[in-house]
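One structure below.
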Amino acid sequence: MISSLRGMNDILSEDYERFTYFLSVATKVAHRYGFHFIETPILEETALFKRSVGESSDIVGKEMYQFIDKGENDVCLRPEGTAGVVRAFIQKKLDRAGGIHRFFYHGPMFRYERPQKGRLRQFHQFGVESFGVESVHEDVSMIMMASDILRELGIGYRLKLNSLGCNECMPPYRQNLINFVTVHKEHICEDCIRRVDTNPIRVLDCKNEKCQSIYANAPKLINHLCPNCNGEFATLQTLLTQSGIAYEIDTHLVRGLDYYSKTAFEFVSDDIGSQSAIAGGGRYDRLVEFLDGRPTPAVGFAMGIERLMELIIMPQNSRDGYYMGAMDESTLDLVVKMAHQKRSSDKVVLDYKPKNLKNHLKAADKVNARFCCVIGEDELQNGTIWVKDLEDKTEKTLSHEEFYALKETL
């Protein structure tokens, strides 16, 4: 038997219902905030992610599905969504058009990492990206949108905030951090030693407990912010408080990708074990310029859908649609014809196997249909159809015209 590759799962039945329910809620909320859908390719040039995500990141260094295609192109399956959206933004010359552009997307991403609960090698993300707004108010709007999605899904969370500063306040802080880490170099892990030479701030994101105990005393970026970044971070906190969104400051929150600056945020859940992040994002004002576009302020976030699946509180599953079946072979053709016509306006589940009424009712109940509709020899001769409402248990024999006009109640 051929099985699916490790870390690449099928989505069936109940999982599919949760998956599509998440997308319906997230899409609805994104539309409410004025965002429009964008679809980017799953396959991109490897250089896109090396330049945007950063060669020092674990994604580029360890986790990308990268290969040379038949045209000798160095390509990879996308490991995250933002870089592709930025590439499309520049390629369509929207950076030169000016104005505000807001997008949302969803689809599969790929990272070659150790599969674990809620973390797969092929996983799905929902994300949003906003271009052209420099104001910290847009950062607040992003956090509000993520909060609205989680709230409507019934998912509890804790919100963590940090500021990663800008080109003015980051360089001196980076040097202070390097000096601190150098003093403790003999006691930190190999990954942190590597990061000191590539992207020092990422040492704060190390999951090694010994390293974390050392970094508890490291200099904190929020104490080294320039006046502008400090003011924006204070405004962000004030606006969230006024909106009733609770938060906590996490000075070690640096995000896993190199392109973030200023606002960084992460939503975490205490219900999914040690890998508690369920959504995260922040501001990346320099990324468009890094990818050869015109300087454009930008901010966004992404959610890993698989990580949210078991946390989603599904709405009560009410009955819907029609189940149609034949009592014998002589009526099956008519049932198929009527089902086709009824499907022009309603959901119809059709059973091709003739069976008695009791078994039709069982089958209709199994697919959670609102109405069980059956045609036997008597109905065939009289030009009628027998219909039972499985919610209120009422039943009637209707003409074909009455059946086609049937909507919510008998």
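The values are calculated or read from the model by the stated rules, or taken from the named source; none is laboratory data. Nothing here was measured: the structure is a model prediction, and the numbers come from that model. Neighbour counts run over all protein chains shown; Cβ positions are idealised from the backbone, glycine included. Heads up: the accessible areas ignore ligands, DNA and RNA and are worked out on the full protein's heavy atoms, side chains in. Shrake-Rupley method; radii C 1.70, N 1.55, O 1.52, S 1.80 Å.
Side notes on the structure shown:
- Residues of the range 1-39 that are outside any helix (DSSP H, G or I), under 24 Å from PHE89 (Cβ atoms) and in contact with a strand residue (DSSP E or B) (Cβ under 7 Å, 6 or more places away or on another chain): GLY34, PHE35, HIS36, PHE37, ILE38, GLU39.
- Any hit, the range 40-53, residues being assigned to a helix (DSSP H, G or I), at pLDDT below 95 and within 19 Å of the chain's Cα centre (by Cα): yes
- Sole exception among (1) aliphatic (A, V, I, L, M); (2) exposed (fewer than 13 other Cβ atoms within 10 Å of the Cβ); (3) closer than 22 Å to TYR404 by Cα for MET314, by number: (3)
- Looking only at the range 76-111, residues that are touching a residue at least 60 places away in the same chain (Cβ under 8 Å), closer than 20 Å to GLY280 by Cα and either touching a helix residue (DSSP H, G or I) at 6+ places or on another chain (Cβ under 8 Å) or of a type in the set (Asp, Glu) (or both) come to 8 in all.
- The range 141-163, subset of a type in the set (Gly, Ala, Ser) and over 15 Å from THR263 (Cα atoms), residue surrounded by the most Cβ atoms within 10 Å (Cβ to Cβ): SER147
- Single residue of the range 251-273 satisfying the filter (among the acidic types (Asp, Glu) and surrounded by 18 or more Cβ atoms within 10 Å (Cβ to Cβ)) that is nearest to the chain's Cα centre (by Cα): GLU266
- For first residues located in the range 174-185 and among the aromatic types (Phe, Trp, Tyr), partners that are open to solvent by less than 80 Å² (accessible area, probe 1.4 Å) and lie 6+ apart or on another chain with Cβ distances below 8 Å form the pairs PHE180/ALA218; PHE180/PRO219.
- Among the residues of the range 372-395, those that are touching a helix residue (DSSP H, G or I) at 6+ places or on another chain (Cβ under 8 Å), buried (at least 16 other Cβ atoms within 10 Å of the Cβ) and either modelled with pLDDT under 95 or not polar (S, T, N, Q) (or both) comprise CYS372, CYS373, VAL374, ILE375, GLY376, GLU379, LEU380, ILE385, TRP386, VAL387, LYS388, LEU390.
- Taking the criterion of being surrounded by 17 or more Cβ atoms within 10 Å (Cβ to Cβ), under 32 Å from the mean Cα position of the chain (by Cα) and either over 13 Å from LYS262 (Cβ atoms) or not aliphatic (A, V, I, L, M) (or both), the residues of the range 221-236 that qualify are CYS229, GLU232, PHE233.
- Helices (runs of 4 or more DSSP H) enclosed by the range 295-410 - at least 1 residues per element that are within 30 Å of THR27 (Cβ to Cβ) and within 34 Å of the chain's Cα centre (by Cα): 305-308, 357-366
- Residues located in the range 285-330, provided they are hydroxyl-bearing (Ser, Thr, Tyr) and under 30 Å from GLY383 (Cα atoms): TYR322, TYR323, SER330
- The range 95-122, subset among the hydrophobic types (A, V, I, L, M, F, W, C) and touching a Gly at 6+ places or on another chain (Cβ under 6 Å), residue most open to solvent (accessible area, probe 1.4 Å): ILE100
- Any hit, the range 8-17, residues being crowded, with 17+ Cβ neighbours inside 10 Å, within 28 Å of ASP205 (Cβ to Cβ) and not charged (D, E, K, R): no
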